[in-house]
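Below is one structure; the comments refer to it alone.
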Amino acid sequence: MHTPQLIVYGLCVFTSALSAVLLIKQYGKRHDRLLLWSCFYFIFLCLNSVLVFFDYILPVQYDLTIPRAFASLAAVCAMLYGFIWELS
């Protein structure tokens, strides 16, 4: 296994999870709905990073490309919904 790649994937998971936690804490204080949608974005981004990590370490017969694509699509949809409906 390539250790630098595993470290980068692990840091991506950590960064996305930390961003989601910080956003949800701030949402609890301010109740700004755009913060909530941004939190959902980072939760799905964290899920995508976890799937990339597992896709890298699992054997070749397990392909997580489709779940990764759906996690990315859900993240983008959550952020777009927040931008379009909460800012208008």
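Considering only residues that are within 20 Å of Cys77 (Cα to Cα) and more than 10 Å from the chain's Cα centre (by Cα), which ones fall in the range 18-37?
Listed by number, the residues that qualify are Val21, Leu23, Ile24, Tyr27, Asp32, Arg33, Leu34, Leu35, Leu36, Trp37.
Does the range 56-75 hold any residues that are hydrophobic (A, V, I, L, M, F, W, C) and either without any contact (Cβ under 8 Å) to a residue 12 or more places away in the chain or touching a Lys or Arg at 6+ places or on another chain (Cβ under 7 Å) (or both), and which are they?
Of everything in the range 56-75, those that are hydrophobic (A, V, I, L, M, F, W, C) and either without any contact (Cβ under 8 Å) to a residue 12 or more places away in the chain or touching a Lys or Arg at 6+ places or on another chain (Cβ under 7 Å) (or both) turn out to be Leu58, Val60, Ile66, Ala69, Phe70, Leu73.
Do we have Phe53 as of a type in the set (Phe, Trp, Tyr), within 14 Å of Ser16 (Cα to Cα) and without any contact (Cβ under 8 Å) to a residue 60 or more places away in the chain here? So that I can check it myself, show each step before the final result.
Values: of a type in the set (Phe, Trp, Tyr): yes; within 14 Å of Ser16 (Cα to Cα): yes; without any contact (Cβ under 8 Å) to a residue 60 or more places away in the chain: yes.
Taking the combined requirement at face value, the residue satisfies it.
So which of Leu34, Leu11 is exposed (fewer than 13 other Cβ atoms within 10 Å of the Cβ) and on the phi < 0 side of the Ramachandran plot?
Numbers: Leu34 fails: exposed (fewer than 13 other Cβ atoms within 10 Å of the Cβ).
Unique residue meeting the criteria: Leu11.
Please go through the range 41-70 and give me each residue that is among the aliphatic types (A, V, I, L, M), at pLDDT below 90 and in a helix (DSSP H, G or I), ordered by number.
Across the range 41-70, the qualifying residue is only Ile57.
In this structure, does Tyr56 turn out to be out of contact with any His (no Cβ under 9 Å at 6 or more places or on another chain) and closer than 17 Å to Ala69 by Cα?
Working: out of contact with any His (no Cβ under 9 Å at 6 or more places or on another chain): no; closer than 17 Å to Ala69 by Cα: yes.
Criteria not met by Tyr56.
Do the conditions hold for Ser19, that is, is it crowded, with 17+ Cβ neighbours inside 10 Å, among the polar types (S, T, N, Q) and closer than 23 Å to Ser88 by Cβ?
no
Is there any pair linking a residue in the range 18-40 that is without any contact (Cβ under 8 Å) to a residue 60 or more places away in the chain and closer than 21 Å to Trp85 by Cβ to one that is surrounded by 13 or more Cβ atoms within 10 Å (Cβ to Cβ) and among the β-branched types (Val, Ile, Thr), with Cβ under 6 Å and at least six apart or on different chains, and which?
Cβ pairs passing all conditions: Ala20/Ile43; Cys39/Ile24.
Taking Tyr41 as the residue in question, decide whether it is farther than 18 Å from His2 by Cβ, surrounded by 18 or more Cβ atoms within 10 Å (Cβ to Cβ) and of a type in the set (Phe, Trp, Tyr). Write out each step before concluding.
On the way: farther than 18 Å from His2 by Cβ: yes; surrounded by 18 or more Cβ atoms within 10 Å (Cβ to Cβ): yes; of a type in the set (Phe, Trp, Tyr): yes.
Yes.
The values are calculated or read from the model by the stated rules, or taken from the named source; none is laboratory data. Note that this is a predicted model, so its numbers are computed, not measured. When we count neighbours, we look across all protein chains shown, and the Cβ atoms used for this are built from the backbone with ideal geometry, even at glycine.
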